[in-house]
Amino acid sequence: MSQPVITVEGLGKRYLLAHQKRQDTLRDSITQSVRSLFKSKPRTATDAAAPEEFWALRDVSFDIHQGDVVGIIGRNGAGKSTLLKILSRITEPTTGRATICGRVASLLEVGTGFHPELSGRENIFLNGAILGMSRVEITRKFDEIVAFAEVARFLDTPVKHYSSGMYVRLAFSVAAHLEPEILIVDEVLAVGDAQFQKKCLGKMKDVTTQGRTVLLVSHNMAVIQSLCDRVLVMESGQLALNTSPPQAIARYLISSNEPSFQRPMPANARCAIRSGQVAVIDEGGESWIKVSASLESRVTLRAAFEVKLHDAQGQIVGFGSLGTFEPDRMIQLTPGEVKVTCRFSAASLANGQYSLSLKVTLPFVEALDETANVLGFDLELPPGPGASHRMLQSWNCSSHLIDLQPTA
């Protein structure tokens, strides 16, 4: 086997978190000043407590060979982005080392490596120079980069005036077309629209067939499944699993999903899914999946409530809604909290692990809020009447249309 192009040995990254005490108000300051007049000792001000150690990464080791397409998945805060920043030489590790052989192009966030005051044209040449490309090489690829990014009209406009979609289109186009030996991509493609994401996936498939090495962070399990040869699962800053996509995705979904969740109301949201719960129940001798959600709204409107059902591999195997296709079933939202409860039959589901994504939307107009893979449950039902066995997910069974039924 060839020598690895990326070798990570005992990698660790530590941050010191400074916890600041609450700032005193004017009233607090006056009160403390008066109290100090009657104390023999002056008050000692301690604005900050002792810093706390936080290990974003700890003892991570793996090898990646030339031509490998490796996915990195995990919950938010698992250490994925920190790992990519170390591999991209943006930050230094606290412990261990990462050895990289080859020219690296990184796309970790919208506009990485762009200078806001320079035009799109100038940034293409700047990025190419940073990647070690000669002017001749950049010129040869220039037309392809511009055509792919679809920014020809704004090529001589400073990129600070670009929308986030234009920014990411140009940034990805530069990184993908300047032929780096190693391409590192964080989940920035979600900024682009559906058509551009499709183009990006096609381009990345082309890149992988050219023998180049790709590291990809994504929460889209379908992308991980279709592109990657191997997947690293990160949990709490440590490498939990280094295996094939199906096994890694199953581990990620099982570890990420709970039967209930709670989340805060986003500051600028008109409506948000604040909490949810899922349970397998038995009613009348039939098994049902019951879904409950608490919505909070700042406005009055009618919206649809949608549920996507994912299997253990992250594939969508069912979809149901209240109101998307039948306006008379839409939910009436008013300022405050609104409870939504519905259920669907488990009769056609194969035994295995599942997760649910919830969404509140103005059908075919606007998504008000969405939570991906937030609820998880295991289904272990006995064979049905007259059946010798029950379907299993390993047979690739269970795709169907969910018929959501409102419940009291």
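A few points about this structure:
- Relative contact order of the range 54-256, pairs being alpha-carbon contacts under 8 Å that are 6 or more residues apart, as %: 35 percent
- Within a straight-line Cα-Cα reach of under 19 Å, residue 198 can be paired with the following aspartates and glutamates, leaving aside sequence neighbours fewer than 8 residues apart in one chain: 109, 144, 150, 186, 187, 206.
- Net charge of the neighbourhood of residue 334, taken over other residues with C-beta under 14 Å away and scored Lys/Arg +1, Asp/Glu -1, is +2.
- Computed over the range 245-322, Kirkwood Rh from alpha-carbon pairs, angstrom: 14.9 Å
- Compactness of the range 54-256 - radius of gyration and Dmax, Cα, Å: 16.8, 50
- Stokes-Einstein, applied to the Kirkwood radius of the range 289-340 over Cα pairs at a viscosity of 1.002 mPa s and 20 °C, places its translational diffusion at 174 µm² s⁻¹.
- Convex hull volume of the C-alpha atoms in the range 260-406, normalised per residue: 111 Å³.
- Cα convex hull of the range 114-233, projected area averaged across orientations, nm²: 7.4 nm²
- Long-range HN-HN contacts of residue 287 with modeled amide H, under 5 Å: 346
- Rounded Å value of the spacing that divides the Cα centres of the range 255-301 and the range 97-156: 43 Å
- Charge tally in the Cβ shell below 14 Å around residue 245, where Lys, Arg are +1 and Asp, Glu are -1, residue 245 excluded: -1
- For residue 103, distant residues with modelled amide H under 5 Å away: 181, 182
Taken together, the values in this text are just the output of simple stated rules run on the coordinates, not laboratory data. If you're wondering where the values come from, they're calculated on a predicted model, not measured in any experiment. Here Cβ is always computed from backbone atoms with ideal geometry, including for glycine, and neighbour counts include all displayed protein chains.
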